[in-house]
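S.K.: Dumping the structure here so I can ask a few things about it.
The values are calculated or read from the model by the stated rules, or taken from the named source; none is laboratory data. The structure presented is a predicted model; accordingly, all values stated were derived computationally and were not measured. Cβ atoms come from the backbone with ideal geometry, glycine included; neighbour counts cover every protein chain shown. These accessible areas exclude ligands, DNA and RNA; they are computed on the full protein's heavy atoms, side chains included. Shrake-Rupley method; radii C 1.70, N 1.55, O 1.52, S 1.80 Å.
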Amino acid sequence: MAVLNATHDAQHRSFVERANLPDCDFPIQNLPFGVFSRANEPARGGVAIGDMIVDLAALARSGLLSGAALKAAEAASGPTLNPLMALGNAPSSALRARLSELLAQGSSDRQAVAACLVPMTEVAMHLPAHIGDFTDFLTSGYHSTRLNPTGKLAANFMSLPIAYHGRASSVRLDGPVRRPHVQRRDGEVVSFGPTKEMDFELELGAFIGAGNRLGDRIAIADASDAIFGHCLINDWSIRDIQRWENVPLGPFLAKSLSTTISPWVVTEEALRPFRAPAFRRAADEPAPLPYLTLKQDQDEGGLDLALTASLLTPRMREAGLAPHKVTDTNFRHMYWTFAQMVTHHASNGCNLQPGDLLGSGTISGPTPGSRACLAELTVRGKEPLHLPNGETRPWLEDGDEVIFAARASRQGYVSIGFGNCRGTVQAAL
Ligand code: CA
């Protein structure tokens with residue numbers, strides 16, 4: 001099993017009381033990184049604990065840190081986490097270990113640490129990194145099969161983690177996403193106008209840490225350490241133009257309109273107790289090639305992470321109704337591991353850089369309830385969703401809010417979460 005340490009101890013509690021509630025996404029065992037600002041102050045790195053944020057710039061000045069932990073906090077004191085990610089994972093791990101002590105119940109430094117805490121209610125969150133490149137994979141066999149007209153897995157899907165280069169400039173945190181104008185074809189008529197087929201895709205993201213130099217590769221044994229941490233991704237997808245533009249080069253404007261991510265980056269180390277075996281292939285499916293195969297990755301390269309997608313329509317909002325869960329899935333269903341994605345990505349010598357973002361692809365599972373986009377849930381719009389208030393949805397409508405959440409749980413460990421990834425569809429201009 002992945003190496004665990006004192007920071008994973010289930011008995012450990014924080015003096016930040018909200019962090020100890022069983023449904024809290026950010027207990028002392030999580031300690032995810034993000035970038036925040038208070039009014040009239042510069043953006044800087046922070047760590048979530050309960051309903052508070054540890055201001056890493058203030059902590060770096062406090063005298064409470066030394067060595068690698070201090071180096072990490074100083075690297076995270078600016079408006080992006082790229083300098084911290086570029087250090088590789090050892091310094092952020094040292095900072096995590098020190099924060100685990102400083103934030104503990106009975107901490108002898110409680111007063112000095114409390115001076116570095118900022119309530120989440122007082123801040124604006126920002127993108128955690130400058131994202132130089134965004135790559136989106138397609139690694140759920142269930143998603144791939146349902147959307148493939150043959151109803152089978154393609155030969156290349158079983159042999160390599162399929163991906164395309166996404167658009168980094170339009171990756172954003174929570175907020176409105178404008179319904180785009182697109183070109184589409186109905187029968188023989190080609191037209192341009194607001195999309196009629198706006199969809200979400202529930203994905204997990206990985207931020208690259210130190211990365212590799214151009215020309216170098218990343219061995220599968222080093223691949224999970226090349227990942228700094230994870231966030232949730234809504235890869236908004238426009239199905240009418242996607243069908244039309246997709247052949248022969250793959251997605252373009254169907255995906256580049258905007259991508260929404262959650263603000264907190266949950267580290268590889270925080271997720272260690274929740275590792276799971278890689279997907280077990282059927283006997284008649286090819287084994288991955290040797291460069292994508294490692295026993296440790298097969299044993300624990302998967303992740304037992306439960307993910308949900310919920311929908312809140314304007315009518316539901318007006319009636320005071322709670323968001324309705326439409327997808328309940330798990331990252332264990334993914335055919336390829338993130339380590340395999342990283343190794344394959346760099347296998348031609350392509351340089352992955354600190355802050356690059358990789359998307360897993362839609363995290364659909366085998367059951368109807370685990371379909372993780374509307375194209376699957378509504379069978380490409382033919383079987384609309386029925387919401388509890390009587391509304392139906394073949395695709396997203398203006399004002400609809402899509403909300404993602406994720407929790408990792410295992411007996412004997414404290415469950416951790418990701419916070420929310422939220423976005424609302426805005427009417428076309
Ligand atoms: Ca996608």
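S.K.: Report those strands (runs of 3 or more DSSP E) wholly inside region 170-224 carrying at least 1 residues which are within 30 Å of Trp244 (Cα to Cα), polar (S, T, N, Q) and open to solvent by 70 Å² or more (accessible area, probe 1.4 Å).
M.R.: Working: elements: 175-178, 181-186, 189-194, 202-208.
Fully inside region 170-224 and qualifying: 181-186.
S.K.: Let me ask something else. Please enumerate the residues belonging to region 59-69 that are under 9 Å from Pro91 (Cβ atoms) and buried (at least 19 other Cβ atoms within 10 Å of the Cβ).
M.R.: The one that is under 9 Å from Pro91 (Cβ atoms) and buried (at least 19 other Cβ atoms within 10 Å of the Cβ): Ala69.
S.K.: Among the listed residues Leu387, Leu377, Leu357, which satisfies the condition of being within 16 Å of the ligand (Cβ to nearest atom), more than 30 Å from Tyr291 (Cβ to Cβ) and modelled with pLDDT of 95 or more? Talk me through it step by step, then tell me what you get.
M.R.: Working: Leu387 fails: within 16 Å of the ligand (Cβ to nearest atom); Leu357 fails: more than 30 Å from Tyr291 (Cβ to Cβ).
Just one listed residue meets the conditions, Leu377.
S.K.: Let me ask another. Of the conditions (1) more than 25 Å from Pro290 (Cβ to Cβ); (2) of a type in the set (S, T, N, Q); (3) under 18 Å from the mean Cα position of the chain (by Cα), Thr367 satisfies every one except a single condition; which number is it?
M.R.: Condition not satisfied by Thr367: (3).
S.K.: In region 119-131, which residue that is touching an Asp or Glu at 6+ places or on another chain (Cβ under 9 Å) and either open to solvent by 40 Å² or more (accessible area, probe 1.4 Å) or more than 24 Å from Phe228 (Cα to Cα) (or both) is nearest to the ligand (Cβ to nearest atom)?
M.R.: Met125
S.K.: Scan region 136-158 and give yes if some residue there is over 22 Å from Gly381 (Cα atoms), part of a helix (DSSP H, G or I) and open to solvent by less than 10 Å² (accessible area, probe 1.4 Å), otherwise no.
M.R.: Scanning region 136-158 turns up at least one residue that is over 22 Å from Gly381 (Cα atoms), part of a helix (DSSP H, G or I) and open to solvent by less than 10 Å² (accessible area, probe 1.4 Å).
S.K.: Determine the pairs where a residue that is under 19 Å from Asp174 (Cβ atoms) and open to solvent by less than 10 Å² (accessible area, probe 1.4 Å), located within region 250-261, has a partner that is among the charged types (D, E, K, R) and within 13 Å of the ligand (Cβ to nearest atom) with Cβ atoms under 7 Å apart, the partner being 6 or more residues away or on another chain.
M.R.: Listed pairs, sorted by first residue: Thr259/Asp235.
S.K.: Please identify the pairs in which a residue from region 288-306 that is without any contact (Cβ under 8 Å) to a residue 60 or more places away in the chain has its Cβ atom under 7 Å from the Cβ atom of a residue that is open to solvent by 30 Å² or more (accessible area, probe 1.4 Å) and part of a helix (DSSP H, G or I), counting only partners at least 6 apart or on another chain.
M.R.: Pairs that qualify, where the first residue is without any contact (Cβ under 8 Å) to a residue 60 or more places away in the chain and the partner is open to solvent by 30 Å² or more (accessible area, probe 1.4 Å) and part of a helix (DSSP H, G or I), are Gly302/Arg332.
S.K.: Another question, then. Could you tell me which residue of region 411-429 is farthest from Leu305 (Cα to Cα), considering only residues that are in contact with a Leu (Cβ under 9 Å, 6 or more places away or on another chain) and aliphatic (A, V, I, L, M)?
M.R.: The selected residue is Val425.
S.K.: Now a separate question. Pairs needed: first member in region 90-109, in a loop (DSSP other than H, G, I, E, B); second member anywhere, open to solvent by 40 Å² or more (accessible area, probe 1.4 Å); C-beta distance under 6 Å; at least 6 residues apart or different chains.
M.R.: Close Cβ pairs (under 6 Å, with a partner that is open to solvent by 40 Å² or more (accessible area, probe 1.4 Å)) amount to Gln105/Arg13.
S.K.: When residues of region 23-49 are filtered for being surrounded by fewer than 23 Cβ atoms within 10 Å (Cβ to Cβ) and more than 21 Å from Phe207 (Cβ to Cβ), how many remain?
M.R.: 7
S.K.: Right, something else. So which residues in region 320-348 are buried (at least 20 other Cβ atoms within 10 Å of the Cβ) and part of a loop (DSSP other than H, G, I, E, B), if there are any at all? Steps first, answer last, please.
M.R.: If we filter region 320-348 for residues that are buried (at least 20 other Cβ atoms within 10 Å of the Cβ), which is where we start, we get 326-327, 329, 331, 333-346.
Within region 320-348, Met334, Tyr335, Trp336, Thr337, Ala346 meet the criteria.
S.K.: If Val379 satisfies all but one of (1) on the phi > 0 side of the Ramachandran plot; (2) open to solvent by 30 Å² or more (accessible area, probe 1.4 Å); (3) in contact (Cβ under 8 Å) with a residue 40 or more places away in the chain, what's the number of the condition it fails?
M.R.: That leaves (3) as the condition not met.
S.K.: Anything in region 316-334 that is of a type in the set (A, V, I, L, M), free of Cβ contacts under 8 Å to residues at least 60 places away in the same chain and farther than 30 Å from Phe279 by Cβ? List them, or say none. Spell out the reasoning first.
M.R.: Filtering region 316-334 for residues of a type in the set (A, V, I, L, M) gives 316, 319, 321-322, 326, 334.
Retained after the next criterion (residues that are free of Cβ contacts under 8 Å to residues at least 60 places away in the same chain): 322, 326.
Within region 316-334, Ala322 is the sole residue that qualifies.
S.K.: Tell me, please, whether a residue that is under 16 Å from the mean Cα position of the chain (by Cα) and at pLDDT 95 or above can be found in region 208-218. Before you say what the answer is, go through the steps one by one.
M.R.: The initial filter retains those residues of region 208-218 that are under 16 Å from the mean Cα position of the chain (by Cα), namely 208-209.
From the residues that got through so far, the ones that are at pLDDT 95 or above too are 208-209.
Among the residues of region 208-218, at least one is under 16 Å from the mean Cα position of the chain (by Cα) and at pLDDT 95 or above, which makes the answer yes.
S.K.: In addition: Those residues that are closer than 19 Å to Ala226 by Cβ and either among the hydroxyl-bearing types (Ser, Thr, Tyr) or in contact with a Lys or Arg (Cβ under 6 Å, 6 or more places away or on another chain) (or both), I need them from region 291-341; list them, please.
M.R.: Listed by number, the residues that qualify are Tyr291, Thr293, Glu300, Gly302, Thr337.
S.K.: Could you please give the count of residues in region 135-185 that are in contact with a Cys (Cβ under 9 Å, 6 or more places away or on another chain) and away from the ligand (no atom under 15 Å from the Cβ)? So that I can check it myself, show each step before the final result.
M.R.: Initial filter on region 135-185 (in contact with a Cys (Cβ under 9 Å, 6 or more places away or on another chain)): 143, 147, 173-174.
Next, only the ones that are away from the ligand (no atom under 15 Å from the Cβ) stay: 173-174.
Here the count works out to 2.
S.K.: Here's another thing I want to ask about it. Take the residues in region 287-319 that are assigned to a helix (DSSP H, G or I) and of a type in the set (S, T, N, Q), then tell me which one is surrounded by the fewest Cβ atoms within 10 Å (Cβ to Cβ). Let's see the steps before the verdict.
M.R.: Narrowing region 287-319 to residues assigned to a helix (DSSP H, G or I): 290-292, 295-300, 314-318.
Still in the list and also of a type in the set (S, T, N, Q): 296, 298.
Numbers: Gln296: 15, Gln298: 17.
Applying the filter and picking the extreme gives Gln296.
S.K.: What are the residue pairs meeting all of these: first residue in region 211-234, first residue within 16 Å of the ligand (Cβ to nearest atom), second residue assigned to a loop (DSSP other than H, G, I, E, B), Cβ atoms under 6 Å, and 6 or more apart or on different chains?
M.R.: Final answer for the pair search is Cys231/Ser262; Leu232/Ser262; Leu232/Phe418; Asn234/Phe200.
S.K.: Let me ask something additional. For the subset of region 76-89 comprising residues that are open to solvent by less than 20 Å² (accessible area, probe 1.4 Å) and in a helix (DSSP H, G or I), which member is nearest to Asp133 (Cα to Cα)? Explain how you work it out, then say what you get.
M.R.: First pass over region 76-89, keeping only residues open to solvent by less than 20 Å² (accessible area, probe 1.4 Å): 76, 81, 84-85, 88.
Of the ones still in play, those that are also in a helix (DSSP H, G or I) are 84-85.
Values: Leu84: 17, Met85: 15 Å.
Among those that are open to solvent by less than 20 Å² (accessible area, probe 1.4 Å) and in a helix (DSSP H, G or I), it is Met85.
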